[in-house]
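The values are calculated or read from the model by the stated rules, or taken from the named source; none is laboratory data. What you are looking at is a predicted structure, and each value in this text was computed from that prediction instead of being measured. Note: ideal-geometry Cβ built from the backbone for every residue, glycine included; neighbour counts use all protein chains shown.
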Amino acid sequence: MTTVGAALRDARLRGVQRLDAHLLLAHVLGQSRAWLLAHGDDALSDAQGATFEALVARRAAGEPFAYLVGEREFHGLALAVNEAVLVPRPDTETLVDWALDLLQGELGGIEHPAALDLGTGSGAIALALKNACPRARMWAGERSAGALAVARANAQRLALDVRFAAGDWWDALAGAPDAPVFDLVVSNPPYIAADDPHLAALTHEPLSALVADDDGLADIRRIADGARGRLRTGGWLLFEHGWAQALAVQEILQRSGFGEVRTRVDIEGRPRCTGGRLGA
Ligand code: GLN
């Protein structure tokens, strides 16, 4: 038999941060953090104690918090996540906000702008865009069957109308003869170099969503190179990338025929997104 307070102390001793321990126990008990703080002497049932202990062990082993509770908030949406998808990052809201600025600004005169999220993972970007801009015809491509299942389930649960297409980058559209020529394409592709020491902290997430060849630039290059014909002339392509990759991505876009190339910083002030308009 253990109590709320004792279980929380045990979790701290096992190296789990106080906030994580509180949120995990609140999740197990279906209570708020405030409730926990007022009920330190309450007993946990054996089942509750065992469930909490198993979650603490996984968190102590470095598993992302979002996988343990099966959910992550992104751009105001509660998204289901599991090991098949990258956990949505707050950095990526920068990309969503830029796309929304375009949909409401330069593309604001188009009644139903066609937008595509390549490599959608949990569906985070596509669903956030559709949620904030319902008039967009939103499409999302994904190569991983496991990720696609997560994204489709999120769309269904949130009742957001997004068209999904299975396949690798632009190949996803090969099986969708009714795919439009897009006004806007966004992507948060894998962009970490295979020898990046940062990867040591990311061992629980799918490597295929994180690592790309050519110093992390191979997929960005493929997407930029293949855009013509799928993205209309004058349409925008926006990428998320590593904070040290802005110049390289600007160059890739320019070489692929994009103009008005620019970079936006993320919530921590790091250059995180680069995009441009496809020239004639
Ligand atoms: N931003 C993620 C990280 O560094 C990586 C996401 C990605 O490769 N697309 O943790």
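Before moving on, here are some points about what is shown:
- Region 47-91: number of residues that are within 16 Å of the ligand (Cβ to nearest atom) and of a type in the set (Gly, Ala, Ser): 3
- Highlighted here are the helices (runs of 4 or more DSSP H) found entirely within region 48-161 that include at least 2 residues which are touching a His at 6+ places or on another chain (Cβ under 9 Å) and farther than 20 Å from Val16 by Cβ: 93-104, 124-132.
- Unique match (being more than 16 Å from the chain's Cα centre (by Cα), touching a residue at least 12 places away in the same chain (Cβ under 8 Å) and surrounded by fewer than 21 Cβ atoms within 10 Å (Cβ to Cβ)) among Arg143, Arg157: Arg157
- Scan of region 225-243 for residues that are of a type in the set (Gly, Ala, Ser) and within 20 Å of the chain's Cα centre (by Cα), ordered by number: Gly242
- In region 189-226, residue surrounded by the most Cβ atoms within 10 Å (Cβ to Cβ) [restricted to those that are over 17 Å from Arg143 (Cα atoms) and of a type in the set (Gly, Ala, Ser)]: Ala224
- Identification of helices (runs of 4 or more DSSP H) wholly contained in region 194-260 with 3 or more residues that are more than 16 Å from the ligand (Cβ to nearest atom) yields 246-255.
- When restricted to residues that are in contact with a Pro (Cβ under 8 Å, 6 or more places away or on another chain) and of a type in the set (A, V, I, L, M), region 72-107 contains 8.
- Residues satisfying the stated conditions in region 233-280, i.e. modelled with pLDDT under 95 and closer than 27 Å to Ile110 by Cα: Ala280
- Against the list (1) surrounded by 12 or more Cβ atoms within 10 Å (Cβ to Cβ); (2) closer than 30 Å to Ala200 by Cβ, the condition Leu13 fails is (1).
- Region 16-31: number of residues that are assigned to a loop (DSSP other than H, G, I, E, B) and surrounded by fewer than 12 Cβ atoms within 10 Å (Cβ to Cβ): 1
- Counted residues, region 271-280 - those being surrounded by 14 or more Cβ atoms within 10 Å (Cβ to Cβ) and either over 19 Å from the mean Cα position of the chain (by Cα) or not in a strand (DSSP E or B) (or both): 3
- Selection within region 1-56 - acidic (Asp, Glu) and more than 25 Å from the chain's Cα centre (by Cα): Asp10, Asp41, Asp42, Asp46, Glu53
- Every pair of residues 6+ apart whose Cβ atoms lie under 6 Å, when the first sits in region 206-226 and is without any contact (Cβ under 8 Å) to a residue 40 or more places away in the chain while the second is assigned to a strand (DSSP E or B) and not aromatic (Phe, Trp, Tyr): Val211/Ile192; Gly216/Ile192
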